[in-house]
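**Q** Pasting in a structure now, in structure tokens, and then I'll have a few things to ask.
The values are calculated or read from the model by the stated rules, or taken from the named source; none is laboratory data. Since this is a predicted model, take the numbers as computed values, not measurements. When we count neighbours, we look across all protein chains shown, and the Cβ atoms used for this are built from the backbone with ideal geometry, even at glycine.
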Amino acid sequence: MRRVSTEFLIVSFLVVAAAAATVASGVNVTYDHRALVIDGKRRVLVSGSIHYPRSTPDMWPGLIQKSKEGGLDVIETYVFWNLHEPVKNQYEFEGRKDLVKFVKLVADAGLYVHLRIGPYVCAEWNYGGFPLWLHFIPGIVLRTDNEPYKAEMKRFTAKIVGMMKEENLYASQGGPIILSQIENEYGNIDKDYGPAAQTYIKWAASMATSLDTGVPWVMCQQKDAPDPIIDTCNGFYCDGYTPNSNNKPTMWTENWTGWFLSFGGAVPYRPVEDIAFSVARFYQRGGTFQNYYMYHGGTNFGRSTGGPFIATSYDYDAPLDEYGAPRQPKWGHLKELHKAIKLCEDAMVATDPTTTSLGNNLEASVYKTSSTCAAFLANVDTKNDATVTFNGNSYRLPAWSVSILPDCKNVAFNTAKINSMATIRRFVAKKNGNELIASEEISSDWSYVSEPIGISSNNAFKKPGLVEQINTTADQSDYLWYSISAESEGDESETVLHVKSLGHVLHLFVNGQLAGSAIGNANNPTVSKDIPITLKPGINKLDLLSLTVGLKNYGAFFDTTGAGITGPVELEGLKNGSTIDLSSMRWTYQVGLKGEGLGLHTGGSSLWVSGVPKSQPLTWYKTSFDAPSGDDPIAIDLSGMGKGELWVNGESIGRYWPAYIAPNSGCSDCSYKGSYNSNKCLKGCGKPSQKLYHVPRSWLKSSGNVMVLFEEISGDPTKISFTTQVLQSLCSHVSESHPSSIESWSQEKSRRKRKQEPKVSLECPHPNQVISSIKFASFGTPQGQCGNFRHGECKSDNALSILQNACLGFKTCSVGVSTVTFGDPCVNVVKSLAVEASCE
Ligand code: GAL
């Protein structure tokens, strides 16, 4: 009796203790009209997107660490349904798909997570994240009030929430997840779904809430998000945004740090002065949560990219580049911005801002209580700098900039004044530590397999008429063969094949020879082409290879957009000048390539023959290679190749297409001043949209790596080279009047007394490197940019030696930018110091 009761006591004690532990470590996350409230405190938060499958698990800790150093509080990621459930009810969560591991690594770094489950995610991800099998469920209509769809959406959302709960990953359980998203930008396209759109959104909201995560849910771009879901803003600017209830905080879930690249397009970039301006404006006007989309964009490995035509690189011009290195000065300038904003946090969470005009296009917003005061001064003029008076002091505000005054007096930061280091990184081909002048062949040992042209598989089938491609392939492959024979009477004849396709690319083979190709583009994937061909007397074999290049991921009913040769297909003048319509005739179809069926991408099979035929369409190539030494990131330079897919040790690096060249025009100089859009700032006109492809280090061994390429059009694999990313230069250009923009001389003097003189600071990013040379230094009126600085009319004689003394041999150095250090080479002129250095 007694024994039993002791046991009972022990058991109940354990139960109580366990419950207490959960409660003690769990954090309450709620919100009010000002901010997210975490553990009873309103917070001003800075967030950044990193999509776990766009890098490798060994890159994750570094990316998260650099995000933390860059001043982020939160890491945001989507969850990619088709990655985790490629076949219905068969889940995959290993390697790059290990969501739990990713969330735990963010927690280990002390950061929060915003988990955007979607499960529709857009994201330039294949089919917006939807598994293709959804499309084939009878009666299904995606993203609307449709029972079969809702059942699947609920099942997957509940599955993810369940996994997170099981691992105690919600903040309410002591984990890092403070926020979750359901759906994605449905408000942008809901009109097209009619009245069912509203009932769907209400259902999605209550379905999500019923999963009881203990943390708030958001819907982005959803003005009618039902309570308690917070509606949030996405865009290049969100300072005008107000949520749909006064009880909800103003949140920005996607501030696009650049834009995505398309095959056939030029490379978009967004100047950091403009990003910083947009962020400061948002916090100035009452926002308290902002997320950079992307903070690290990464790589669309395999066939994961959406589309059509979205490139394999998803670099996005993000603060961390595709390879994970800080993109400077973007990363550093935003870091300084975050510091300044955090200095304002107490004032910002205490009250709403009061905004007043300081003149035309000039605006002051003040967060003030009896104990705190922070101010943001904005000049939204796109051309003219201005001097404003605020609280009795005078401030210089460059055009299109915001100054942040955490004490309502001193300027901690101005968005247009870049004080952080810039870097130039390059990809160089190296051998034995030396840069190769002409790229050497990576291997002399090539073998190849010629992919049969036309039908080769037992799975081929015949059908009258032309079929739609996605319904036929179910996206098991990019490729679908359409084959037919045509009889030609008389002599050899020159004629034309008219072909129309919904896209995205097609290659026509006549009697086994490539006769022509038709290629769509990101804006218009359809193709309509007249291909001149030569027919021989008798039977002619016409084989059309149609390809998808990533399935559509955006727009109303995007999931029903078709692809492939839906016709008409017509042969001109076969007999007596008439045109023959082949469209409704009996065609033979084959889904995928023979080599895909054989698994040639791994390098296995006995079909490989030694040699490296060049300029031959439909060819599989294989070689083995040693990994480039060191630990710098690797990119393979595929100049010389046409279009296809690349594998290393069986892992798909992605689709490659260096033959698709960006237009010659559209890359004019771009000013950060004035509203940004995704076409405003482009580079790389007239060049391949993408010639470098990221090969993650963790996929390589030191030697004996197997590389396989499938080339569709024409390539010369011997021109391929391996490059590694190296730091070419560190630069800094700082003005002596930085950072304070207070104009009065007495304030300037007191700042100098407080030793707040501006500084040039340099730091070699690699832990084992030191500053090895000062390539340029000038104090006076230097001109130009990192990589091409030049002296101005005014310059001191001692800048180079002062910098050499202070920096050479050190990992970091810092030099005051003032006449105290350098003497005064030109009195009454505002001077600056420009430095370019290198590390070894
Ligand atoms: C947004 C969308 C994101 C991404 C972005 C463009 O509309 O929500 O998922 O596609 O556009 O990069």
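**Q** Tell me which residues, restricted to region 62-99, are over 22 Å from residue 253 (Cα atoms) and of a type outside the set (D, E, K, R). Give the derivation first.
**A** The first filter runs over region 62-99 and keeps only residues over 22 Å from residue 253 (Cα atoms), leaving 62, 82-98.
Within region 62-99, 62, 82, 83, 84, 86, 87, 89, 90, 91, 93, 95 meet the criteria.
**Q** While we're here: May I ask you to say which residue of 480, 544, 506, 497 is buried (at least 19 other Cβ atoms within 10 Å of the Cβ) and farther than 30 Å from residue 126 by Cβ?
**A** On the way: 480 fails: farther than 30 Å from residue 126 by Cβ; 544 fails: farther than 30 Å from residue 126 by Cβ; 506 fails: farther than 30 Å from residue 126 by Cβ.
Matching residue, one of 480, 544, 506, 497: 497.
**Q** Could you please let me know if residue 178 is within 30 Å of residue 108 (Cβ to Cβ) and touching a residue at least 24 places away in the same chain (Cβ under 8 Å)?
**A** In short, yes.
**Q** Output yes when any residue across region 188-200 is surrounded by fewer than 22 Cβ atoms within 10 Å (Cβ to Cβ), assigned by TED's automatic domain parsing to the domain that holds residue 113, of a type in the set (Val, Ile, Thr) and within 11 Å of the ligand (Cβ to nearest atom), and no when none is.
**A** Scanning region 188-200 turns up at least one residue that is surrounded by fewer than 22 Cβ atoms within 10 Å (Cβ to Cβ), assigned by TED's automatic domain parsing to the domain that holds residue 113, of a type in the set (Val, Ile, Thr) and within 11 Å of the ligand (Cβ to nearest atom).
**Q** While we're here: In region 688-716, which residues are farther than 13 Å from residue 656 by Cα, crowded, with 18+ Cβ neighbours inside 10 Å and of a type outside the set (D, E, K, R)?
**A** Within region 688-716, 696, 699, 700, 707 qualify.
**Q** Mind listing whichever residues of region 214-236 are within 14 Å of the ligand (Cβ to nearest atom), assigned to a loop (DSSP other than H, G, I, E, B) and at negative phi?
**A** Once the filter is applied, which keeps residues that are within 14 Å of the ligand (Cβ to nearest atom), assigned to a loop (DSSP other than H, G, I, E, B) and at negative phi, region 214-236 yields 222, 236.
**Q** Is at least one residue of region 184-204 within 17 Å of residue 53 (Cβ to Cβ), touching a residue at least 40 places away in the same chain (Cβ under 8 Å) and aromatic (Phe, Trp, Tyr)?
**A** no
**Q** Residue by residue through region 292-309, note down the ones that are within 13 Å of the ligand (Cβ to nearest atom) and out of contact with any helix residue (DSSP H, G or I) (no Cβ under 9 Å at 6 or more places or on another chain).
**A** Answer for region 292-309, where residues must be within 13 Å of the ligand (Cβ to nearest atom) and out of contact with any helix residue (DSSP H, G or I) (no Cβ under 9 Å at 6 or more places or on another chain): just 293.
**Q** OK, next. Of (1) touching a residue at least 24 places away in the same chain (Cβ under 8 Å); (2) of a type outside the set (A, V, I, L, M); (3) loosely packed, with under 15 Cβ neighbours inside 10 Å, residue 594 satisfies all except one. Which?
**A** (3)
**Q** Of all residues in region 628-642, which are in contact with a helix residue (DSSP H, G or I) (Cβ under 9 Å, 6 or more places away or on another chain) and either closer than 29 Å to residue 450 by Cβ or assigned to a strand (DSSP E or B) (or both)?
**A** Scanning region 628-642 gives 634, 637, 638, 639, 640, 641.
**Q** I would also like to ask the following. Name the one entry in 317, 346 that is more than 16 Å from the ligand (Cβ to nearest atom) and of a type in the set (Asp, Glu). Outline the logic, then answer.
**A** Numbers: 317 fails: more than 16 Å from the ligand (Cβ to nearest atom).
Within the list 317, 346, the selection yields 346.
**Q** Residue 279 passes all but one of (1) of a type in the set (Val, Ile, Thr); (2) closer than 25 Å to residue 327 by Cα; (3) out of contact with any helix residue (DSSP H, G or I) (no Cβ under 7 Å at 6 or more places or on another chain); which number fails?
**A** Against the list (1) of a type in the set (Val, Ile, Thr); (2) closer than 25 Å to residue 327 by Cα; (3) out of contact with any helix residue (DSSP H, G or I) (no Cβ under 7 Å at 6 or more places or on another chain), residue 279 comes up short only on (3).
**Q** Being over 27 Å from residue 113 (Cβ atoms) and either away from the ligand (no atom under 12 Å from the Cβ) or in the same structural domain as residue 399 (by TED's automatic domain parsing) (or both) is the filter here; which residues of region 262-283 pass it?
**A** Result: 263, 264, 265, 266, 267, 269, 271, 273, 274, 277.
**Q** While we're on this one: Quick one: is residue 96 at pLDDT 95 or above, assigned to a loop (DSSP other than H, G, I, E, B) and buried (at least 17 other Cβ atoms within 10 Å of the Cβ)?
**A** Judged against the criteria, residue 96 is not a match.
**Q** Here is a further query. Quick check: is even one residue across region 612-627 charged (D, E, K, R) and in contact with a Phe, Trp or Tyr (Cβ under 7 Å, 6 or more places away or on another chain)?
**A** yes
**Q** Then there's this: Could you go through region 249-257 and let me know if any residue there is over 15 Å from residue 45 (Cα atoms), within 16 Å of the ligand (Cβ to nearest atom) and touching a Pro at 6+ places or on another chain (Cβ under 7 Å). Full working, then the answer.
**A** Restricting attention to region 249-257, the residues satisfying the condition of being over 15 Å from residue 45 (Cα atoms) are 256-257.
Filter once more, so that each one left must be within 16 Å of the ligand (Cβ to nearest atom): 256-257.
From the residues that got through so far, the ones that are touching a Pro at 6+ places or on another chain (Cβ under 7 Å) too are 257.
Looking through region 249-257, at least one residue is over 15 Å from residue 45 (Cα atoms), within 16 Å of the ligand (Cβ to nearest atom) and touching a Pro at 6+ places or on another chain (Cβ under 7 Å).
**Q** Taking region 643-658, which residues are assigned to a loop (DSSP other than H, G, I, E, B), under 19 Å from residue 548 (Cα atoms) and in contact with a Ser or Thr (Cβ under 8 Å, 6 or more places away or on another chain)?
**A** Result: 657, 658.
**Q** Let me ask something else. Pull up region 103-126, narrow it to residues that are surrounded by fewer than 24 Cβ atoms within 10 Å (Cβ to Cβ) and assigned to a helix (DSSP H, G or I), then point me to the one that is farthest from the ligand (Cβ to nearest atom).
**A** 108
**Q** Going through 204, 208, 151, 158 one at a time, which residue ends up being within 16 Å of the ligand (Cβ to nearest atom), under 24 Å from residue 137 (Cα atoms) and assigned by TED's automatic domain parsing to the domain that holds residue 129?
**A** So the residue among 204, 208, 151, 158 that is within 16 Å of the ligand (Cβ to nearest atom), under 24 Å from residue 137 (Cα atoms) and assigned by TED's automatic domain parsing to the domain that holds residue 129 is 204.
**Q** Out of curiosity, is residue 381 more than 29 Å from the chain's Cα centre (by Cα), closer than 30 Å to residue 68 by Cβ and not in a strand (DSSP E or B)?
**A** no
**Q** Inside region 233-242, can you point out the residues that are touching a residue at least 24 places away in the same chain (Cβ under 8 Å) and either closer than 13 Å to residue 36 by Cα or not polar (S, T, N, Q) (or both)?
**A** 236, 237, 238, 239, 240, 241
**Q** Can you name every residue in region 134-151 that is among the acidic types (Asp, Glu) and touching a helix residue (DSSP H, G or I) at 6+ places or on another chain (Cβ under 6 Å)? Full working, then the answer.
**A** In the first step, residues of region 134-151 are kept if they are among the acidic types (Asp, Glu); the result is 145, 147.
Scanning region 134-151 gives a single hit, 145.
**Q** Please indicate, with yes or no, whether at least one residue in region 440-452 is modelled with pLDDT of 95 or more and of a type in the set (A, V, I, L, M, F, W, C).
**A** Yes, because at least one residue in region 440-452 is modelled with pLDDT of 95 or more and of a type in the set (A, V, I, L, M, F, W, C).
**Q** Taking residue 520, is it outside the structural domain of residue 124 (by TED's automatic domain parsing) and within 20 Å of residue 476 (Cα to Cα)?
**A** When the stated conditions are applied, residue 520 does not pass them.
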